[in-house]
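Written below as structure tokens is the structure these notes are about.
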Amino acid sequence: MSREAISRRRALGLLGLGAATVTAGATGWAAGWGGQPTIAGLPAGASGQPLAAPTELTSRAGVLAVQLTAAAGVRLVGRDTMAWGFNGTSPGPTLRVRPGDLLRVRLVNRLDQPTNLHTHGLHVSPQGNGDNPFVHVEPGASFDYEIRIPIDHPAGTFWYHPHHHGTAADQLFGGLAGALLVDGGPALAQRERVLLVTDTTLAGDGSVAPVDVMTRVLGREGALVLVNGQHQPVIAAAPGATERWRVINGCTSRVLALRLEGHRLTQAALDGRFLPTPTLRESVVLAPGNRADLLVRPTAPGAYSLVSDAYPRGSVVGGGTMNGGAVTSSRAVLAILNVAGPAMTSPSLPLRLPAPVVPPDPISRERRLTFAMGMNMGGMGAGGMMSFTIDGRTFDTTRDDQTIPFGATEEWTVTNTSPMVHPFHLHVWPVHVVGDSTGTPPLATQQDVVLLPAHGWARVRIAFSDYPGRSVYHCHVLDHEDAGMMATAHVQN
């Protein structure tokens, strides 16, 4: 698989390429795949298959012990490809645990580059062989993770993906991701489904297409938008039956603006934490890394598209030959809901859900952080560099950027000075949004990815409880993280 990985030496910035018009990703396949007939750039019969659920691996007697082998060679959209996956599939198996369980994962690296594993959204230890982003698993090697799920951990929707600095975007774009569910909580539906949304671009030979430097600057978006590795799968449902869709935005850069034609969506949870009450929405926006638990109760037979509407991510403005251009997550049909059969009756939804509470006062400390991207050395048109920084610095694994007393409750104001949105993600310790520059009332729950508006800010309250240790916060446009928009947080006991 062709790669253009960003080394640590290049983490000071990305080379800019002059262009008058910019897009966030490739617009199609390089050629007909293997000489097969194509419809809209896809192999015949690739779209419209019944939604397939990833393999589920469930804990027994308080333990889930699994091996995840990262390697090339998976089946996508009904064809054999050289994309990457775990245990031969993309997405990888769904891991199901309960509060108090022990999760043991042997990660085997059959890639041609280093990797590791991040249990995104779990409130677990970042130390040793826990959710440690500093682990480095060389090609041909393996690493044994041992992650204790706390007994009071929220039941919800989480996920796992590689987090090796410099190659995280390539590996997620290549197909390495899977759902991680913590069971428990109220019964909300007669059926539940995982909908793990990813995107990628495949070359004519079925390999993952290489990504140029300008696309990395923008944050890559794939020509193929997939649900559980399928293109526009069909979800069969009965009229009146309530379904719980665990939607995971596993895209490298794409923002999902979810809408179900002919229906309003009922949101029950965000980022694995319940809302105080089931909430009706016309649409639900998920930044890269966000998850939403959506309750769908169709009433009339018919076919309805689950759509991600176009979402503006800002612009890139430069000098020289680059005049700037809008960056937009393109519209995509994710799946088709096919409602048919005898009508069913669903029980009423609960009026209240077990949402977490906002950490109370007093606040131990307030901090201000700045996410920025910019040009130096004469500007992009003059062969300069594009830098991606937090507080004016690119990532250094040896440096402690924030030192925090264990048990402290802090408020961080995270400002985005750039013309593009940046999803702020903090590992291990979930955050409560208490305000932002849009003036939108914050959701009364915790989350772990917060979409920072272009030239905007968000204020979050964080309880640094339960786990001391060292972890990271970063932009979840993983091309930007790989280029240096990441920093360390050291919670000291």
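The values are calculated or read from the model by the stated rules, or taken from the named source; none is laboratory data. Remember, it's a predicted structure, so these values are computed and weren't measured experimentally. Cβ: placed from backbone, ideal geometry, glycine included. Neighbour counts: every protein chain shown.
Annotation note: Cβ proximity below 8 Å between a residue of region 123-134 that is hydroxyl-bearing (S, T, Y) and a residue that is part of a loop (DSSP other than H, G, I, E, B) and crowded, with 20+ Cβ neighbours inside 10 Å (sequence gap 6+ or interchain) occurs for S125/D131; S125/V428. Of A223, A155, all but one fail to be in contact with an Asp or Glu (Cβ under 9 Å, 6 or more places away or on another chain) and not assigned by TED's automatic domain parsing to the domain that holds A269; the exception is A155.
Here A463, A458 are screened, and the one residue that is out of contact with any Asp or Glu (no Cβ under 6 Å at 6 or more places or on another chain) and of a type outside the set (V, I, T) is A463.
Selection of region 389-436 for residues being more than 24 Å from the chain's Cα centre (by Cα) and of a type in the set (S, T, Y) yields T398, T403, T409. Considering L334, L294, L275, the condition of being farther than 25 Å from Q446 by Cα, surrounded by 16 or more Cβ atoms within 10 Å (Cβ to Cβ) and modelled with pLDDT of 95 or more is satisfied by L334 alone. Of everything in region 92-129 that is small (G, A, S) and out of contact with any Leu (no Cβ under 9 Å at 6 or more places or on another chain), the residue that is farthest from A71 (Cα to Cα) is G100.
Scanning region 162-203 for residues that are touching a helix residue (DSSP H, G or I) at 6+ places or on another chain (Cβ under 6 Å) and surrounded by fewer than 24 Cβ atoms within 10 Å (Cβ to Cβ) returns a single hit, G166.
Among the residues examined, G318 qualifies as in a loop (DSSP other than H, G, I, E, B), at pLDDT below 95 and buried (at least 21 other Cβ atoms within 10 Å of the Cβ). If the condition is being in contact with a Leu (Cβ under 8 Å, 6 or more places away or on another chain) and free of Cβ contacts under 8 Å to residues at least 60 places away in the same chain, then region 407-435 contributes W412, T413, V414, T415, N416, F424, V433. For region 454-486, the set of residues classified as out of contact with any Ser or Thr (no Cβ under 6 Å at 6 or more places or on another chain), surrounded by 22 or more Cβ atoms within 10 Å (Cβ to Cβ) and within 26 Å of L172 (Cα to Cα) consists of S471, Y473, H474, C475, H476, D479, H480, E481, D482, A483, M485, M486, listed by residue number. Among the conditions (1) over 20 Å from L176 (Cα atoms); (2) without any contact (Cβ under 8 Å) to a residue 60 or more places away in the chain; (3) in contact with an Asp or Glu (Cβ under 7 Å, 6 or more places away or on another chain), the only one that R106 does not satisfy is (1). When G302, G240, G289 are screened for being outside the structural domain of A168 (by TED's automatic domain parsing) and buried (at least 23 other Cβ atoms within 10 Å of the Cβ), only G289 passes. Condition check: β-branched (V, I, T) and under 17 Å from P356 (Cβ atoms). Does V434 satisfy that? Criteria met by V434.
Taken together, the criteria exclude V433 from residues that are at pLDDT 95 or above, within 26 Å of L478 (Cα to Cα) and not in a strand (DSSP E or B).
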